[in-house]
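Presented below is the structure to which this report refers.
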Amino acid sequence: MKKFLIVATALSGFLALTNAAMAADPIVEASGHAYFHLDGTYVFGEEGSGIENGFDPTEVFPGDGIWVSGYAGYTMPSGWDWRVGAGFADLGAGDTDGAGADIYGVDDAKMFNLDANVGFVYDMGGATVRPFLGLRYLEWEQDQ
């Protein structure tokens, strides 16, 4: 039993000194980094279904078009970051509904936005959550 206590005490002392030495190592904080993101897609419009109950503007939809969006930002070592971005969509003319005096259709639809925000990045082991607060300028134009 006496040998066991000597070994256990020596082992405990060794582990305590090793942990203290490891704790004394300086922790190197990660540096900040810049990032950017760009994406886009071809948008498929929805066809109008014709005049079913007279003049019904809810049955008219924009046609096909494009959508592009992008942003750039910088994440600081503390986890705070800022981001600026923009987006643009241009949808063409959709199918017209009706004929003669009842004809109507969507000629064009365009959207443009500018964004600026500040957020905090939480790393949740395999997933990242970024709550943010910011401003958005949005312009939507639709001719019918």
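Derivation of every value follows stated rules applied to the coordinates shown; laboratory data play no part. Because the structure is a prediction, the values reported are computed rather than measured. All Cβ positions, even for glycine, are placed from backbone atoms using ideal geometry, and neighbour counts span all protein chains on display.
Need the full-extension length gain, residue 127 to residue 108, defined as separation in residues times 0.36 nm minus the C-alpha distance. One decimal, nm. Show your work: numbers first, answer last.
Numbers: separation 19, 0.36 × 19 = 6.84 nm, distance 3.92 nm.
Residue separation times 0.36 nm, minus the Cα-Cα distance, leaves 2.9 nm.
Let's test the formula: R0 of 25 Å, r as the Cβ-Cβ distance of residue 31 and residue 86. What FRET efficiency results, to the nearest 0.05?
Working: r = 27 Å, r/R0 = 1.09.
With a Förster radius of 25 Å, E is 0.35.
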How large is ³J(HN,Hα) for each residue in segment 116-132, as worked out from phi by the Karplus curve 6.51 cos²θ - 1.76 cosθ + 1.60 (θ = phi - 60°), to whole Hz, x for Gly and Pro? 8, 8, 10, x, 10, 9, 9, 8, 10, x, x, 9, 10, 10, 10, x, 8
What is the gain in length, in nm to one decimal, between residue 64 and residue 139 on full extension, counting 0.36 nm per residue of separation less the C-alpha to C-alpha distance? 25.1 nm
